[in-house]
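K.L.:
Can you read through this structure? Questions will come right after.
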């Protein structure tokens, strides 16, 4: 991914680290440059501290002996083969210069017979460090391929589609190994207006990702041709049923979805809910926009027909449409309080904040500063009417 693409993805809050750097260990696990460098230098720092002290006080000699002999092994744990080989050479050199060997140094109390086992252990540590590096490189290559495939399933949204400003945030559940979970979203500019979907597939495993990909593909294809939202929802319902067709009753799954249509004239908002939280219309205040919800996709026993209720409301310039998943509003802080999305939207809009990107950043800041824990996939999308 190019630097420009990374910058755009970060602006739209698409990228995330696998481990959030909350603690020193998290910073190391997430690849924080400073923490990793400190960890790699630790064996050499330990040797640099103990060996000089061994020349000064006999009490430090046993500790310096351990640090010297184990230096190749410690180095192999946190470094590659080159650093491990250098540590081995340094250890052999110091042992060779010991009192009973070359006699160049008063420490360590080594003899020539100590060299072969130390050299053999050092070579083995170097080989193991090389083998581990090969495995890590292979895993990184596989991870890059997997992330590229996931980005192809749900690519980053541009900041403007069909003349409307759009900003989105997407986060998988904390601890999830993938970039894509059960939440999904997309926006398509069609002859019928701007159509968007925000949904949530049950579960977090690979089967969930497969259904996520299938539903996104169905939406992208049918949003261009289906004349109304009911027909579009019916095709997405059929897609889930096909996914469940060969599964037993315990293996079947479902998905919720909020399907949105903004008319070509940008003056009407139509929404259809399939078991999903209603989108929010933000004007002078925030209120949900949704009719009687249908069952989630995959649970509509008699299918979806054109007689279902589609909510149709009037839009005004400057209105904001906010769609989200339950992972946002169900997140709780240490006091057990859920995230107050409605109240925060009202407060920010009252303060004159209406730009989608800035509003998304402010909501994210509220989420983080409030200590809200993300236990489920989280998605939010903000669309501004020009």
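K.L.:
Working only within the range 97-107, note down all residues that are surrounded by 16 or more Cβ atoms within 10 Å (Cβ to Cβ) and either over 22 Å from residue 52 (Cα atoms) or in contact with a strand residue (DSSP E or B) (Cβ under 9 Å, 6 or more places away or on another chain) (or both).
P.N.:
Answer for the range 97-107, where residues must be surrounded by 16 or more Cβ atoms within 10 Å (Cβ to Cβ) and either over 22 Å from residue 52 (Cα atoms) or in contact with a strand residue (DSSP E or B) (Cβ under 9 Å, 6 or more places away or on another chain) (or both): 98, 101.
K.L.:
Next question. Have a look at 376, 366 and point out the one that is touching a helix residue (DSSP H, G or I) at 6+ places or on another chain (Cβ under 8 Å), in the same structural domain as residue 232 (by TED's automatic domain parsing) and part of a loop (DSSP other than H, G, I, E, B).
P.N.:
376
K.L.:
Among the residues that make up the range 199-207, is at least one of them assigned by TED's automatic domain parsing to the domain that holds residue 326, buried (at least 20 other Cβ atoms within 10 Å of the Cβ), assigned to a helix (DSSP H, G or I) and modelled with pLDDT under 95?
P.N.:
no
K.L.:
With (1) in a helix (DSSP H, G or I); (2) surrounded by 16 or more Cβ atoms within 10 Å (Cβ to Cβ); (3) within 24 Å of the chain's Cα centre (by Cα) as the list, and residue 115 as the residue in question, which single condition is left unmet?
P.N.:
Failing condition for residue 115: (3).
K.L.:
Tally time: how many residues in the range 273-297 are closer than 16 Å to residue 381 by Cβ and either surrounded by fewer than 17 Cβ atoms within 10 Å (Cβ to Cβ) or without any contact (Cβ under 8 Å) to a residue 60 or more places away in the chain (or both)? Give the steps one after another, and end with the answer.
P.N.:
To start, the set of residues in the range 273-297 that are closer than 16 Å to residue 381 by Cβ comprises 273, 276-282, 286, 288-290.
Cutting the leftovers down to either surrounded by fewer than 17 Cβ atoms within 10 Å (Cβ to Cβ) or without any contact (Cβ under 8 Å) to a residue 60 or more places away in the chain (or both) gives us 273, 277-278, 281, 288-290.
Selection size over the range 273-297: 7.
K.L.:
Let me ask you something else. Could you pull out the residue among 174, 195, 222 that is surrounded by fewer than 22 Cβ atoms within 10 Å (Cβ to Cβ), in the same structural domain as residue 278 (by TED's automatic domain parsing) and modelled with pLDDT of 90 or more?
P.N.:
222
K.L.:
Being surrounded by 12 or more Cβ atoms within 10 Å (Cβ to Cβ) and either within 42 Å of the chain's Cα centre (by Cα) or under 30 Å from residue 197 (Cβ atoms) (or both) narrows it down to one residue among 94, 68; which is it?
P.N.:
The conditions single out 68.
The values are calculated or read from the model by the stated rules, or taken from the named source; none is laboratory data. Owing to the predicted nature of the structure, the values given are computational and were not obtained by experimental measurement. No Cβ is skipped: glycine too gets one built from the backbone with ideal geometry, and neighbour counts run over all protein chains shown.
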